[in-house]
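Scroll down for the structure; my scribbles are underneath it.
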Amino acid sequence: MSENVVLSHSSFSRERVMPQTRSAPKSCVVVVPEVDMAGIKLPKTIAINPFEVRPLPGQIRQHFAGVKELADSIKEIGQVMPIIVTELRSPSGPYRVQLVDGERRLAACQYLKRGIVAFVTDGSLEPEEIYALSVAANFGRQPHDPIEILQAILTFKKYGKTNEQIARVFGKSVAWVCQHYLLRKLDPIVQGWMIPKVAAGTNGQSNNGKC
């Protein structure tokens with residue numbers, strides 16, 4: 001008898017079993033939920049000189065660590081994630097577009113003197129809209145936990161990559177790679193303690209959204 005599996009996204013996590021992984025039963029049927037695709041607009045993609053991108057005025061993030069390491073990663077495997085820009089209503093000086101998100105990537109490509117790939121937002125935006133998008137992009141990211149990093153390192157090693165190559169991909173030091181690689185020696189129960197637990201439906205809200 002088949003078992004229907006429905007994915008819930010209110011608190012999404014992938015169960016990880018180390019060092020072995022479990023696969024779904026052959027009788028399992030995955031039901032793909034219907035989604036609204038009507039509001040999706042694919043952004044225009046351009047390649048541009050990074051020195052023609054105007055930095056974001058009032059950037060919320062004031063300190064950009066690891067630009068050199070990110071540049072090494074881009075040099076090793078290429079630019080994985082495009083920056084986001086919007087068209088300038090009145091281009092001035094060398095600038096053709098306005099940065100919305102991706103200042104570390106922009107700085108890394110300027111360091112390399114390498115062209116950068118960018119998504120262009122649909123139409124020019126007001127300054128407050130640009131700022132809101134930048135804040136949402138910076139605060140909407142979830143960092144990888146130590147066990148996810150370990151699994152990535154183990155996969156790279158399975159592909160024959162050296163610690164130096166892995167470090168360049170991550171944009172980190174060899175010592176950082178070795179520290180995470182040592183986590184493989186921990187008991188799976190201890191590894192489980194290093195995986196953050198996500199509370200379903202809270203989203204950090206309290207007091208009915210009032211401070």
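The values are calculated or read from the model by the stated rules, or taken from the named source; none is laboratory data. Everything numeric here is computed off the predicted structure, so don't read it as measured data. No Cβ is skipped: glycine too gets one built from the backbone with ideal geometry, and neighbour counts run over all protein chains shown. Please note that ligands, DNA and RNA were not included when accessible areas were found on the heavy atoms of the full protein model with its side chains. Shrake-Rupley method; radii C 1.70, N 1.55, O 1.52, S 1.80 Å.
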If you check GLU148, GLU128, which single one turns out to be modelled with pLDDT under 90, within 25 Å of GLY78 (Cα to Cα) and either open to solvent by 40 Å² or more (accessible area, probe 1.4 Å) or in a strand (DSSP E or B) (or both)?
GLU148
Within region 159-175, track down each residue that is modelled with pLDDT of 90 or more, open to solvent by 50 Å² or more (accessible area, probe 1.4 Å) and part of a helix (DSSP H, G or I).
GLU164, VAL174, ALA175
Among the numbered conditions (1) at pLDDT 90 or above; (2) under 22 Å from PRO127 (Cβ atoms); (3) open to solvent by 70 Å² or more (accessible area, probe 1.4 Å), tell me where ALA47 comes up short.
(2)
Suppose we filter region 180-189 for residues that are open to solvent by 60 Å² or more (accessible area, probe 1.4 Å) and within 22 Å of the chain's Cα centre (by Cα); how many remain?
1
Count, please, the residues in region 77-111 that happen to be assigned to a helix (DSSP H, G or I), open to solvent by 90 Å² or more (accessible area, probe 1.4 Å) and closer than 20 Å to SER134 by Cα.
0
